[in-house]
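Okay, so here's the structure we're looking at.
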Amino acid sequence: MSRTPMNTYEIILQNPQEGARSFTRWWWYGAAVTKEEVRRELTFIKEAGLAGVEIQVTYPLSEDSEEQGIKNRMYHSPEFIEIMDYTLTTAEELGLFVDLTLGSGWPFGGPFVPFDMAPEILIPYQIDLIGPTEFERDFTTMLPGTPLRAVMGKFENGVIVADTLVDITDHLDVTWLHGWEWGHCLNKISIPEGHWKIYIFITSLYKQTVGIPAPGMEGYAIDHCRKDVSDFYFAQFGEPLVEKLGAGRIRAFFCDSIELGGNNWTQIMPEQFLARRGYELTPFMPALWGDIGDITADIRYDFYKTFSELTIENFFRNFTAWSNSKGIKTRIQAHGTWGDILQAYAAADFPEGETFGPNDKYEVNTVHRRLATSAGHVYGRKVISNETFTWLRVPRFMETLEMMKAAVDAVFLDGINQIVNHGYSYSPESAGKPGWAFYASSFISHNNTWWEYYPILSSYIHTVSAFLQTGDSYSEVAIYLPQSDIWSSMPMAELHLGMKLEEHMGKSLINRVNKSCYYFDFLNDEAITDLSHMTDAGLAIGVNLYKTIILPKVTRLPLDTAHKLLEYVLGGGILIAVSDRPRTVPGFIDREANNQLLDKLMENMFEVETGIWKQVGKGKTILVENEDQLIDRLKESEAPDVTIESLGEEGSPDVAAQTVGYVHRVHEGGHIYFVSNVCGEERKARIRFKYGSRTAAVLDPMTRETVRYVEFPSESHETVIEIAFEPFQSFIVVFGDELFGAGNEREDGTLPTVPQVDRHIDITNSWTLRIPEANFERQLEKLQTWEQFTEVKYYCGSAFYDKKVTVPAIRPGESIWLELEDVREVAEVFVNGSSAGVLWKAPRCLDVTNWLHEGENELSIKVVNLWINHMISPDLHEPKPESPVTNNWPYFTEKIKQIRDKRLYAHNERERVQSLQPSGLAGQATLTIRHGGA
């Protein structure tokens, strides 16, 4: 088979574009970095195949120490600017880019942020009164904050009677002590007959500060709803940074996830609410906490819609506008916000998702990934990055390259096309090994045992990302985000909209749609009403053509969206409502008239009974009771873009679809599919592509080879390819007319012939185990992991398993494969002194034909384990300060001690891992001779 690039896709395969490389977060603890170590670590990063770094300057891990060469730097100090300038220069020399978190850790804030610019927390206090009576109260020293608004309403049958609500804010007053403003009070007010409640809304005295920041960045976080505050922050923090370092040297500023504890208010809310919603909020504020009857949900919706607009306009979009004015891009992780989640992600040049936890399995991650990718697809952001490998395993030092490969494939299957490692810890040589490590990350640095093999994974990520950045994402199914339902139901709170959306829609429903082979995007109201246009085939946004839209448990729908959905169905679209049809228009103004209009629209669009299709113009609608009916009706209405069915004796036809997923992109009239088996078992699948063509190629992004050319008969109406996936294996499938030139061997779509096993040579017994670094050697009767030996049970690093093997003559058409049953965790195989390859994921088998010869051969297997056994060793020394004070910064040693105890030392590992983990080789080792096959 020809290996010469014949077309664009083989060029991408063999020479993926540089912009598709992954990069890494790089923690600088206390900015205690040296020029020598910065250059050394940037060189490691370059050699690993990474494109650049995102510097995040965070908490210090050590006091200043001249002996150890550690000097913490105050943020923005001359010494800090000097080392940043050196880092940028060195990165430029190495061809690496530098991103920077525009702050220290998260959220944005610092010592220059005044109290009145910090995030607000509004607290409701209730006073029950029985009238008629007179009431007054001095709140001095009673309330931990400032009374902002006061409202009174009559309480009947468990709710406040909306018509009785009265704004009594003018009765709030200040109390004085010797001429000083000392507190607040409510002046005398007449209470009519009956049961009344007075609500006193106070802004809390206690406001969020930046969490464990770098030296010099301690202080209040900023209010993300006010443009004057974000402008102030950029002027105080960002402008001097850009001026001192020079424009154009930082590629992008980064905003980490929005983690604003308790933030539920902003001081500009009343005036902005009136301007945007058309009525005064204050009289209705009890609805933000309690029940004031039918209008409660409408007031809450209007509140959160206003909150959303303020955050997106004044922070997210303002952040990008300011950065772009400096020639700098932005990356934004929008999860954690209460705002319209797609708008928030789309405010960035590069929307960024996040993955944390043991997510090395195939499932939709709505909260932190699919929302980000949907924003990119809908708002035209070509590159969508993802913070990857956070908390991949708890405790730390348990993550393997195999886990990381599975995790990154799950990320790709959610539509991400650039990977950000989480991550790389700066660590001085004086810290030894494993050195400094971030408490929440996978340990992806030069100090890890398997680092020398990480470039294999890095190269794979680069190749897949290159294909996933080619062309445009394509989807035919959309799921409408029920943001109105969430905003209408939530009392004032630190609302994490993404989490609430997933909870409302149902994680199971979302995954079942996806695993039924209906790849989908989420749509918000703006996408439907403003960003789309109608075609004969469906609702179009970019190249996406949404033929089916799902309304998951949507009861509240803006009227503009409802009208656009009706137009969509009349034009030929399919609309499926799950659980209920929309019944209410959110918002207080004109609520009754709007609800009547919506009711008529919905009556015209849906049958009253569930499970019955209704023809509406050229399209159709249906109301289904549950997700089982949803999946049945989806299959009934429109074939999936891709259908994945099991082959062989694996059970039901959809077994493969539970672990094998796909992503579809359109490029220059051709179609690119990434298909991946995120599973530790083999899968044989028959994959039917709706948008195929006469020719296709199956590409292996791991080896960067074309493994099959497929040609379909001209009379065929189907493009079906059978693919055998090894555990954790992925392919790129490319379609295009006359895609490949002459001289390329072509097949039909069926599985190639499998090589036959001729015979086995058992090599399990009689090995020598060598660990040079520990001065250890042992003769083994059979393969055995080394933690079983007292002398090296806590050893972490490299070991060698050696033996001589005798093989027969290799006949034409035969191949010899080394198969290892149990590898902990990475094994490099040397045959007669030459490296034959690396076994780092299942299946642990390797073609060693070209390295063996007839007769006796030297076989040496280098194995590296994980750091976990070292971390749980009882001999691990974790020094404690000798005194509460020191002559060096920070002078009080308790501050550093607390950080190290919680975030650096191995307490968590020792608590969670009670036994030593296997290290090395065990089980069967076999040389298998195969013949035949294609």
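Scan the stretch 147-173 for residues that are among the basic types (Lys, Arg) and over 46 Å from the mean Cα position of the chain (by Cα) and jot them down. The one that is among the basic types (Lys, Arg) and over 46 Å from the mean Cα position of the chain (by Cα): Lys154. Tell me which of these Val411 doesn't satisfy, since it passes every other one: (1) assigned to a loop (DSSP other than H, G, I, E, B); (2) out of contact with any Pro (no Cβ under 8 Å at 6 or more places or on another chain). Failed condition: (1). Residues of the stretch 229-244 that are out of contact with any strand residue (DSSP E or B) (no Cβ under 9 Å at 6 or more places or on another chain) and in contact (Cβ under 8 Å) with a residue 12 or more places away in the chain: Val229, Ser230, Asp231, Phe232, Phe234, Pro240, Val242, Lys244. Highlighted here are the strands (runs of 3 or more DSSP E) found entirely within the stretch 722-809 that include at least 2 residues which are closer than 28 Å to Pro918 by Cβ: 756-762, 765-771, 776-782, 798-807.
Restricting attention to the stretch 317-362, the residues that are within 13 Å of Leu102 (Cβ to Cβ), aromatic (Phe, Trp, Tyr) and either free of Cβ contacts under 8 Å to residues at least 24 places away in the same chain or buried (at least 23 other Cβ atoms within 10 Å of the Cβ) (or both) total 1. Gly261 - would you say it is over 20 Å from Glu120 (Cβ atoms) and either of a type outside the set (Phe, Trp, Tyr) or modelled with pLDDT of 95 or more (or both)? Against the criterion (over 20 Å from Glu120 (Cβ atoms) and either of a type outside the set (Phe, Trp, Tyr) or modelled with pLDDT of 95 or more (or both)), Gly261 does not qualify.
Of the candidates Gly105, Gly211, Gly183, the single residue that is part of a strand (DSSP E or B) and either surrounded by fewer than 19 Cβ atoms within 10 Å (Cβ to Cβ) or not assigned by TED's automatic domain parsing to the domain that holds Ala493 (or both) is Gly183. Looking at Thr373, is it in contact with a helix residue (DSSP H, G or I) (Cβ under 8 Å, 6 or more places away or on another chain) and outside the structural domain of Ala657 (by TED's automatic domain parsing)? No; evaluated as a whole, the condition is false for this residue. Checked against the criteria, Asp302 counts as in contact (Cβ under 8 Å) with a residue 60 or more places away in the chain, of a type in the set (Asp, Glu) and closer than 17 Å to Asn524 by Cα. Of all residues in the stretch 770-791, those being in contact (Cβ under 8 Å) with a residue 12 or more places away in the chain, surrounded by 12 or more Cβ atoms within 10 Å (Cβ to Cβ) and over 18 Å from Val826 (Cα atoms) number 6. In the set (1) surrounded by fewer than 18 Cβ atoms within 10 Å (Cβ to Cβ); (2) in contact with a Phe, Trp or Tyr (Cβ under 7 Å, 6 or more places away or on another chain), Gly797 fails one condition alone, (2).
The rows are residues; the columns are (1) surrounded by fewer than 21 Cβ atoms within 10 Å (Cβ to Cβ); (2) closer than 21 Å to Leu241 by Cα.
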position: Val53; (1), (2): no, yes
position: Ser62; (1), (2): no, no
position: Gln68; (1), (2): yes, no
position: Arg73; (1), (2): no, yes
position: Ile81; (1), (2): yes, yes
position: Thr90; (1), (2): yes, yes
position: Val98; (1), (2): no, yes
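Only one entry in Leu866, Leu859, Leu876, Leu839 is without any contact (Cβ under 8 Å) to a residue 60 or more places away in the chain, surrounded by 14 or more Cβ atoms within 10 Å (Cβ to Cβ) and among the hydrophobic types (A, V, I, L, M, F, W, C), namely Leu839.
Screening Glu878 against (1) assigned to a loop (DSSP other than H, G, I, E, B); (2) among the charged types (D, E, K, R); (3) more than 25 Å from Ser425 (Cβ to Cβ) leaves a single unmet condition, (3). Taking the listed residues Ile160, Ile130, the one that is of a type outside the set (Gly, Ala, Ser), buried (at least 20 other Cβ atoms within 10 Å of the Cβ) and touching a strand residue (DSSP E or B) at 6+ places or on another chain (Cβ under 7 Å) is Ile160, with no other qualifying.
Scanning the stretch 1-56 for residues that are at pLDDT 95 or above, out of contact with any helix residue (DSSP H, G or I) (no Cβ under 7 Å at 6 or more places or on another chain), β-branched (Val, Ile, Thr) and in a loop (DSSP other than H, G, I, E, B) yields one hit, Thr34.
When the stretch 691-729 is filtered for residues that are of a type in the set (Asp, Glu), farther than 23 Å from Asp641 by Cβ and touching a helix residue (DSSP H, G or I) at 6+ places or on another chain (Cβ under 9 Å), only Glu705 remains.
Considering the stretch 739-769 alone, what residues qualify as being surrounded by fewer than 19 Cβ atoms within 10 Å (Cβ to Cβ) and within 42 Å of the chain's Cα centre (by Cα)? Answer for the stretch 739-769, where residues must be surrounded by fewer than 19 Cβ atoms within 10 Å (Cβ to Cβ) and within 42 Å of the chain's Cα centre (by Cα): Gly741, Asn744, Glu745, Arg746, Glu747, Asp748, Thr750, Leu751, Pro752, Thr753, Val754, Pro755.
Within the stretch 896-911, the set of residues being surrounded by 15 or more Cβ atoms within 10 Å (Cβ to Cβ), assigned to a helix (DSSP H, G or I) and not hydrophobic (A, V, I, L, M, F, W, C) comprises Lys897, Arg900, Arg903, Asn908, Glu909, Arg910.
Asp641 meets the conditions (1) surrounded by fewer than 16 Cβ atoms within 10 Å (Cβ to Cβ); (2) of a type outside the set (A, V, I, L, M); (3) touching a strand residue (DSSP E or B) at 6+ places or on another chain (Cβ under 9 Å); (4) over 20 Å from Ile486 (Cβ atoms) in every case but one. The failed one is (1). Checked against (1) charged (D, E, K, R); (2) part of a loop (DSSP other than H, G, I, E, B); (3) touching a residue at least 40 places away in the same chain (Cβ under 8 Å), Glu609 passes all but a single condition, namely (3). List every residue pair whose Cβ atoms sit under 6 Å apart, with the two residues 6 or more apart in sequence or on different chains, where the first one lies in the stretch 906-927 and is in contact (Cβ under 8 Å) with a residue 60 or more places away in the chain and under 14 Å from Thr764 (Cβ atoms) and the second, anywhere, is hydroxyl-bearing (Ser, Thr, Tyr) and surrounded by 20 or more Cβ atoms within 10 Å (Cβ to Cβ). From the stretch 906-927, the pairs are Gly920/Thr785; Leu921/Tyr801; Ala922/Thr785. Taken together, the residues in the stretch 697-708 that are within 19 Å of Glu745 (Cβ to Cβ) and either modelled with pLDDT under 90 or touching a Ser or Thr at 6+ places or on another chain (Cβ under 7 Å) (or both) amount to 3.
Counting the residues of the stretch 265-297 that are surrounded by 23 or more Cβ atoms within 10 Å (Cβ to Cβ) and of a type outside the set (A, V, I, L, M, F, W, C) gives 1. Of the helices (runs of 4 or more DSSP H) lying entirely inside the stretch 440-542, those carrying at least 2 residues that are farther than 30 Å from Asn263 by Cβ and under 22 Å from the mean Cα position of the chain (by Cα) are 454-468, 507-515.
Look at (1) modelled with pLDDT under 95; (2) over 29 Å from the mean Cα position of the chain (by Cα); (3) closer than 18 Å to Pro119 by Cα and you find that Gly216 fails only one, number (3). Scanning the stretch 535-553 for residues being under 18 Å from Ile576 (Cα atoms) and at pLDDT 95 or above gives a total of 11.
The values are calculated or read from the model by the stated rules, or taken from the named source; none is laboratory data. Predicted model, so just to flag it, every value in this text is computed and none were measured. Neighbour counts are summed over all protein chains in view; Cβ atoms, including those assigned to glycine, are modelled from backbone coordinates with ideal geometry.
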